[in-house]
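Q: Before I ask anything, here is the structure I am working with.
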Amino acid sequence: MYIGRFAPSPTGPLHIGSLITAVASFLDARSHGGRWQVRIEDVDTPREQPGAADSILRALEDFALYWDGPVLYQNQRLEAYREAIERLRVADHTFACACTRREIADSALPGQEGPIYPGTCRNGFQNGQPARALRVRVDSAPIGFTDRLHGCFEQDLAGEVGDFVIVRADGLMAYQLAVVVDDAAQGITHVVRGSDLLFSTPRQILLQQLLGYATPSYLHVPVAVDATGEKLSKQTYAPGIETRNLGHLACVVLDFLGQNIPPEAEHLPLEQLWTQAARQWNPQRLPQLRQRLAPDIGATSLFR
Ligand code: GLU
């Protein structure tokens, strides 16, 4: 049984970048006769924008991207995260870290996603220092997986990332932990998401291994970027034009994903358009890119 998901963070309304990921995961699920679930990733409360979760869900409905089952909200899952953390802690896979951001920046090598943690607190820290974050110990064995688009991807977690945070200094759960616990709890078999998360996947696979969870199959689709190579983000939101032709936008998205949809398909009712697109969905036609210039739709955001 195929179970897929779309997991937006409610940091703003749906924009063309997240619509692309939603459509890719939806079509991959439907083309396999699978389920497609939606999870609102609202653990990072300071980045949340009030009303964004509802606005994203409404936008999905407007696009006739109907999900299966109830929407899962991460802010209702804290107990499950705490249990997973406790299991990791008892098995000695974690350690408390007293380093400040500043101390890490001063002593660490730069990595692709911030400083590579130099292991300072691995064996404890001085009495009197307050514990800040909780980290997972990473060992030197590389972690690899086969992405359905990018093929073999291997990462030396220790050398490229270092021991990573699962509970942040502000007490909030880290994305890496929440996503792994929820993918397992929802029985996700296939993850289809943006290639910006390719670099996170080995961390997630390590957590799956430590927690005894299955590893899903991964497909990281190209991410829409602007002319400067920046990922389109909900923060760069410009008000959308309300009278949009959703069928046209759907076809723009399918074109971005390399799918062969005749231009007249944009006049089909959306549900029919998706049925046709799912029938013809072919991940091998996805451009073999980690990022691609976003289609020009006049504004980055689709809905207010
Ligand atoms: N919540 C993440 C985002 O909006 C996606 C997480 C995932 O698909 O694993 O970028």
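Q: So which of GLY111, GLY119, GLY51, GLY33 is surrounded by fewer than 15 Cβ atoms within 10 Å (Cβ to Cβ) and touching an Asp or Glu at 6+ places or on another chain (Cβ under 8 Å)?
A: GLY111
Q: Now a separate question. Within 16 Å of the ligand (Cβ to nearest atom) and surrounded by fewer than 23 Cβ atoms within 10 Å (Cβ to Cβ), is that true of LEU57?
A: yes
Q: Could you check, for the range 161-173, whether at least one of its residues is in a helix (DSSP H, G or I), crowded, with 21+ Cβ neighbours inside 10 Å and on the phi < 0 side of the Ramachandran plot?
A: Looking through the range 161-173, none of the residues is in a helix (DSSP H, G or I), crowded, with 21+ Cβ neighbours inside 10 Å and on the phi < 0 side of the Ramachandran plot.
Q: Somewhere in the range 145-158, is a residue in a helix (DSSP H, G or I), more than 14 Å from the ligand (Cβ to nearest atom), out of contact with any Phe, Trp or Tyr (no Cβ under 7 Å at 6 or more places or on another chain) and modelled with pLDDT of 95 or more?
A: So far as the range 145-158 goes, yes, one or more of its residues are in a helix (DSSP H, G or I), more than 14 Å from the ligand (Cβ to nearest atom), out of contact with any Phe, Trp or Tyr (no Cβ under 7 Å at 6 or more places or on another chain) and modelled with pLDDT of 95 or more.
Q: If you don't mind, there's one more thing I want to ask. So the check is Cβ under 9 Å with 6+ separation or different chains; which pairs have a first residue in the range 1-13 that's more than 13 Å from the ligand (Cβ to nearest atom) and a second one that's of a type in the set (D, E, K, R)?
A: Pairs found: MET1/ARG35; TYR2/ASP28; TYR2/ARG35; ILE3/ARG35; ILE3/ASP68.
Q: Also, quick follow-up: Looking at (1) without any contact (Cβ under 8 Å) to a residue 12 or more places away in the chain; (2) part of a helix (DSSP H, G or I), which is the one condition that is false for LEU57?
A: Here LEU57 meets the rest and fails (1).
Q: When you scan the range 58-108, how many residues do you find that are at pLDDT below 95 and either of a type in the set (Val, Ile, Thr) or in contact with an Asp or Glu (Cβ under 8 Å, 6 or more places away or on another chain) (or both)?
A: Looking only at that region, the number is 2.
Q: Using beta carbons and a limit of 8 Å, which pairs, at least six apart or on different chains, have the first residue in the range 190-211 and outside any strand (DSSP E or B) and modelled with pLDDT of 95 or more and the second one within 12 Å of the ligand (Cβ to nearest atom) and polar (S, T, N, Q)?
A: Within 8 Å, the pairs are SER200/GLN176; ARG203/GLN176; GLN204/GLN176; LEU207/GLN176.
Q: Could you tell me which numbered condition LEU134 fails, if it satisfies all but one of (1) out of contact with any Ser or Thr (no Cβ under 8 Å at 6 or more places or on another chain); (2) farther than 30 Å from PRO287 by Cβ; (3) in contact (Cβ under 8 Å) with a residue 24 or more places away in the chain; (4) hydrophobic (A, V, I, L, M, F, W, C)?
A: (1)
Q: While we're here: Can you tell me which residue within the range 18-45, out of those that are assigned to a helix (DSSP H, G or I), more than 9 Å from the ligand (Cβ to nearest atom) and not hydrophobic (A, V, I, L, M, F, W, C), is farthest from GLN74 (Cα to Cα)?
A: Checking each candidate, the answer is SER31.
Q: Considering only the range 85-103, state which residues are loosely packed, with under 12 Cβ neighbours inside 10 Å and over 26 Å from the mean Cα position of the chain (by Cα).
A: Matches in the range 85-103: VAL90, ALA91, ASP92, ARG102.
Q: So if I check each of GLN126, GLN176, which one is closer than 21 Å to TYR218 by Cα and free of Cβ contacts under 8 Å to residues at least 40 places away in the same chain?
A: From the options GLN126, GLN176, the qualifying one is GLN176.
Q: Tell me which residues, restricted to the range 9-55, are closer than 22 Å to VAL180 by Cβ, of a type outside the set (S, T, N, Q) and out of contact with any strand residue (DSSP E or B) (no Cβ under 7 Å at 6 or more places or on another chain).
A: Those that are closer than 22 Å to VAL180 by Cβ, of a type outside the set (S, T, N, Q) and out of contact with any strand residue (DSSP E or B) (no Cβ under 7 Å at 6 or more places or on another chain): GLU41, ASP44, PRO46, ARG47, GLU48.
Q: Condition (residue is touching a helix residue (DSSP H, G or I) at 6+ places or on another chain (Cβ under 7 Å), hydroxyl-bearing (Ser, Thr, Tyr) and in a strand (DSSP E or B)) applied to the range 112-128: is it met by at least one residue?
A: Checked against the condition, which is being touching a helix residue (DSSP H, G or I) at 6+ places or on another chain (Cβ under 7 Å), hydroxyl-bearing (Ser, Thr, Tyr) and in a strand (DSSP E or B), the range 112-128 yields no hits at all.
Q: Against the condition modelled with pLDDT of 95 or more, touching a helix residue (DSSP H, G or I) at 6+ places or on another chain (Cβ under 9 Å), under 30 Å from ARG87 (Cβ atoms) and of a type outside the set (Lys, Arg), how does THR215 come out, does it pass?
A: Answer is yes for this residue.
The values are calculated or read from the model by the stated rules, or taken from the named source; none is laboratory data. Keep in mind it's a predicted model, so treat the numbers as computed, not measured. Glycine gets a Cβ as well: all are built from the backbone with ideal geometry, and neighbour counts include every protein chain shown.
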